[in-house]
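Scroll down for the structure; my scribbles are underneath it.
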Amino acid sequence: MVRSVFGRLLTEIGCVLCGVQRRSTHGGVSLRGLSGLKDGEQFDLSLLELLVCPLSKKPLRTIGSRVYLRTAMFLVSLLRYAAETNELINEELGIAYPIIDGIPNMIPQDARLIRKHTDPSPTPTQA
Amino acid sequence: MAASMRLLFRRVIRLSHRNVNVTAAGAPGRPAGCWEPPSCRCFSEAAGDRSTHFGFETVPETEKAKRVYKVFENVAQKYDTMNDAMSLGVHRLWKDTLLHVMHPQRGVRLLDVAGGTGDIAFRFLEYVRFQQERQKRRAARSMQAPSWQDISNNYSTEEEDGAQESRAVVCDINKEMLRVGKQKADGLGISAGLSWVVGDAEELPFDDDQFDIYTIAFGIRNVTHIDQALQEALRVLKPGGRFMCLEFSKVTNPVLARLYDAYSFQMIPVLGEVIAGDWKSYQYLVESIRKFPDQEEFKDMIEDAGFYSVKYSNLTGGVVALHSGFKL
């Protein structure tokens, strides 16, 4: 009799733990814990709609005809997500922003030059 | 154990004695070596390279960002604990007030700059979710006797859609703070509609007209060029978007001001040493509060950047000011 009570207690505790787990994943949380890289990818793909290269956005503000430049610059400032190296690449300027732990690092100084340019990537004070 | 406590106390007393000299120099109304009145930023253009303030120190502008980065890198792990200890938990009320004033609706996009450990973003997502559930409950109550058709419709419409429409992006220049914030989010189980980006407030990696609300809570005084950060805020906001800024400001009541000064300079660095093991960072913190422009001046700065209908309200007698402006 004691054993049956004990058994029931254990299964209840098990249920509570499972229930807690279930509750925490309820609410449309994206699948976590499958793999670290997968998480990083999931975060990135939805973020890509919002992110632009901070450097090539700069000229937009100072130069006159915004509409024309906008369409041209939009293509230029699109970032390409490189799954192999886990970086965000700006083709035009030839720089790559690293993604660490699923968080993209959009600081120009931390970006890697992909190919040697004649002019180095501009620092924020110059831009 | 007792010996180590005694050593700690002795160290604290020694540091506080050293601090007293600094605070004597920094107390308002008493001129001293390099102390400037809190409402003016010191720029020395004589040598050609500009300098700015880092707490009560004068440093070249390029230095400031690095030093601020180091400060927050050091305190990141204990940041939330220290906030609770220093403000006696009142910082939660300030942030809740920000959310209530913001009153976000469904499908709203938030950019939280200098968001660090994500306090504002979490509150935002919870608020929107709570509003949604309340609406749903009201709708359920109004439907007295739903037909089977209605019930099946309710099941088919995704509950999560609303929550995912509203989106919060946390942007901070400091990777450590974001890492701590991400861990917190994982612990709380919040991840839908929440994104983390390392970015500079003076050079945001976002396109124009993207966000409905831009918040910066207790972060703007650490930015080297506040006007640039304000201009970036204007750029990324949609027309009709709202700029909201929580920041420490000037206390209006003189008695409270004296108490606040005493508390800031005597207690806070000590707490910093005891809890986070970092006296200097918290010394910087209280000094940077004194160097930040007051409510009216900051309001003018926001208006200069191009925001309209700029208002501010004092919380806790002026210890914190909530500034708000619209992009029209």
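Key figures
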{"quantity": "Residue count for region B:225-267, restricted to those that are over 27 Å from B:Phe124 (Cα atoms) and open to solvent by less than 30 Å² (accessible area, probe 1.4 Å)", "calculated": "4"}
{"quantity": "Count - residues of region B:219-232 that are part of a loop (DSSP other than H, G, I, E, B) and either facing another protein chain (nearest Cβ under 9 Å) or within 17 Å of B:Ala168 (Cβ to Cβ) (or both)", "calculated": "1"}
{"quantity": "Breaking point among (1) among the small types (Gly, Ala, Ser); (2) more than 23 Å from B:His53 (Cβ to Cβ); (3) free of Cβ contacts under 8 Å to residues at least 12 places away in the same chain, for B:Ala262", "calculated": "(2)"}
{"quantity": "Some residue of region B:111-122 being closer than 28 Å to B:Thr316 by Cβ, open to solvent by 20 Å² or more (accessible area, probe 1.4 Å) and among the hydroxyl-bearing types (Ser, Thr, Tyr)", "calculated": "no"}
{"quantity": "Helices (runs of 4 or more DSSP H) enclosed by region B:128-201 - at least 2 residues per element that are at pLDDT below 90 and open to solvent by less than 40 Å² (accessible area, probe 1.4 Å)", "calculated": "B:160-165"}
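Here is a yes/no grid of residues against (1) within 24 Å of the chain's Cα centre (by Cα); (2) within 14 Å of chain A (Cβ to nearest Cβ):
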{"residue": "B:Pro104", "(1), (2)": "yes, no"}
{"residue": "B:Gly118", "(1), (2)": "yes, yes"}
{"residue": "B:Phe122", "(1), (2)": "yes, yes"}
{"residue": "B:Gln132", "(1), (2)": "no, yes"}
{"residue": "B:Ala168", "(1), (2)": "yes, yes"}
{"residue": "B:Asn174", "(1), (2)": "yes, yes"}
{"residue": "B:Asp186", "(1), (2)": "yes, yes"}
{"residue": "B:Val198", "(1), (2)": "yes, yes"}
{"residue": "B:Leu204", "(1), (2)": "yes, yes"}
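Here is a yes/no grid of residues against (1) open to solvent by less than 30 Å² (accessible area, probe 1.4 Å); (2) modelled with pLDDT of 90 or more:
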{"position": "B:Glu45", "(1), (2)": "no, no"}
{"position": "B:Glu57", "(1), (2)": "no, no"}
{"position": "B:Val71", "(1), (2)": "yes, no"}
{"position": "B:Met102", "(1), (2)": "yes, yes"}
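The values are calculated or read from the model by the stated rules, or taken from the named source; none is laboratory data. As the structure is a computational prediction, the values presented were derived from the model and not from experiment. Methodologically, a virtual Cβ is constructed for each residue, glycine included, from the backbone with ideal geometry; neighbour enumeration extends over all protein chains shown. For accessibility, only protein heavy atoms count, side chains too; no ligands or nucleic acids. Shrake-Rupley method; radii C 1.70, N 1.55, O 1.52, S 1.80 Å.
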